[in-house]
Amino acid sequence: MTIDQLEKHIDKIEASYEFFLAYAAQGVTGDREPNSELMGFLEATEEALVFLGEGLEGVMESLESSSEFMALADVVRQDAHKTRAAVALVKVQPAISSQLIDNLNASIHFRALLTDLFLLDEAMKTSIK
């Protein structure tokens, strides 16, 4: 994994979160199949979460203060794993309401992951070797 790949996955998660906020505001009742755009964002989020769960170590080792970055990578992995479980649950629902997406967004695990990623992204900007 490269730093560029990591940044792209961070961007995917942030874009998905923003889309989910807009979806939650639409008032969808969940009485119909999820639309393809929503499913695309859920799938992109899940893909990025898999990447965060499995590929952070290589990037963290390339940074100054790598031991501190590795410690944060452990936190990111845990939060990504927990968020992925929530995303997977939402993805398999036959209908996805705005309320369900709002609850996903409100998940402490998703919010913790976003905060982890904001911190990591900013710290990486000053620590690239």
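Some observations on this one:
- Here the stretch 1-71 and the stretch 86-112 have alpha carbon centers that stand 14 Å from each other.
- For the stretch 28-33, backbone phi angles converted through the Karplus equation (6.51, -1.76, 1.60; θ = phi - 60°) give residue-by-residue couplings of 5, 7, x, 9, 9, 4 Hz, Gly and Pro being listed as x.
- Contact order relative to length of the chain, as percent, for alpha carbon pairs under 8 angstrom and 6 or more apart: 37 percent
- For the chain, a Gaussian network of Cα nodes joined below 10 Å ranks D11, D116, D31 by mean-square fluctuation, and the top entry is D31.
- Between helix 3-25 and the chain there is an angle of about 30 degrees, using the helix long axis and the longest principal axis of the Cα atoms.
- Computed over all pairs of different Cα atoms, the Kirkwood value for the hydrodynamic radius of the stretch 3-127 is 14.9 Å.
- Backbone phi angles across the stretch 38-50, fed through the Karplus curve with coefficients 6.51, -1.76 and 1.60 (θ = phi - 60°), yield HN-Hα couplings of 4, 4, x, 5, 5, 5, 5, 5, 4, 4, 5, 5, 4 Hz in residue order; Gly and Pro are listed as x.
- At full extension, K91 and E18 could sit 24.6 nm farther apart than now, given 0.36 nm per residue minus the alpha carbon distance.
- Between I108 and E7, the FRET efficiency estimated from the beta carbon spacing at R0 = 35 angstrom works out to 0.90.
- Subtracting the Cα-Cα distance of E43 and D121 from 0.36 nm times their residue separation leaves 25.9 nm of extension gain.
- For the stretch 88-97, Karplus couplings with θ = phi - 60° (6.51, -1.76, 1.60), whole Hz, Gly/Pro x: 4, 4, 5, 4, 8, 6, x, 9, 10, 7
- Residues whose amide H falls under 5 Å from that of I96, counting only those 5 or more places apart or on a different chain, are R32, with hydrogens built in the peptide plane.
Any read-out appearing in this document is the output of simple, stated calculations on the displayed coordinates, not a laboratory observation. It should be emphasised that the depicted structure is a prediction, and the values quoted were computed from it without experimental measurement. No Cβ is skipped: glycine too gets one built from the backbone with ideal geometry, and neighbour counts run over all protein chains shown.
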